[in-house]
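Beneath this line is the structure, given in structure tokens, with notes to follow.
The values are calculated or read from the model by the stated rules, or taken from the named source; none is laboratory data. Since this is a predicted model, take the numbers as computed values, not measurements. Every residue, glycine as well, gets a Cβ built from its backbone with ideal geometry; the counts of neighbours run over all protein chains shown.
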Amino acid sequence: MQKYQTAVARILLALVFLGAVILRLLAITSHPNGYIDYQVTLGQLGLPSIFAPLLILVELIAGLGLLVGYKTKVFAYVLAGLALFLAIVLGRFDFQSMFIYLGITGGMLLLAANPQTSCAVDNIKKQ
């Protein structure tokens with residue numbers, strides 16, 4: 001059982017970001033002005049509109065990488081940095097979100113320190 005705990009943690013942490021991307025893309029595509037609304041929301045947080053596609057892209061690629069266990073250490077550091085950034089940005093408006101993202105940052109740093117998990121692409125040996 002212990003063998004699979006880190007794999008479950010890696011997958012659940014990946015699903016935080018992949019779930020956010022899926023929900024965001026559903027919101028964007030379900031309204032005619034969905035993307036503009038998303039950019040306006042980021043603007044209200046003090047972020048320029050260039051962050052709209054960047055956030056989606058980083059969360060999608062790094063989340064998928066973590067989900068399958070590819071380059072786990074690198075993607076864990078990337079998502080730790082993103083989660084810390086979101087904690088700082090969202091912390092000005094919502095303390096609960098700040099603490100949630102700080103917890104996710106801690107989980108990502110722990111995963112980066114222990115990147116060898118079972119059921120991961122990183123474990124496939126090259127022949």
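Observations, loosely collected:
- Number of positions in the range 107-127 that are at pLDDT 80 or above, among the aliphatic types (A, V, I, L, M) and more than 18 Å from F17 (Cβ to Cβ): 1
- Selection over the range 40-56 of residues that are farther than 14 Å from I22 by Cβ and in a helix (DSSP H, G or I) gives a count of 9.
- L42, sole failed condition from (1) modelled with pLDDT of 90 or more; (2) farther than 23 Å from G106 by Cβ; (3) touching a Phe, Trp or Tyr at 6+ places or on another chain (Cβ under 6 Å); (4) among the aliphatic types (A, V, I, L, M): (1)
- Contact annotation: no residue pair with Cβ atoms under 6 Å, 6 or more positions apart or on different chains, pairs a residue in the range 68-84 that is at positive phi with a partner that is crowded, with 23+ Cβ neighbours inside 10 Å.
- Matching residues, the range 90-127, being of a type in the set (S, T, Y) and either assigned to a loop (DSSP other than H, G, I, E, B) or touching a residue at least 24 places away in the same chain (Cβ under 8 Å) (or both): T105, T117, S118
- T6 vs. criteria touching a residue at least 60 places away in the same chain (Cβ under 8 Å) and not aliphatic (A, V, I, L, M): yes
- Of the residues making up the range 20-36, those that are in a helix (DSSP H, G or I) and surrounded by fewer than 13 Cβ atoms within 10 Å (Cβ to Cβ) are L23, L26, T29, S30.
- Tally, over the range 37-51, of residues that are without any contact (Cβ under 8 Å) to a residue 40 or more places away in the chain and either small (G, A, S) or crowded, with 16+ Cβ neighbours inside 10 Å (or both): 6
- Which listed residue is among the aromatic types (F, W, Y) and over 15 Å from the mean Cα position of the chain (by Cα), from F85, F51, F95: F95
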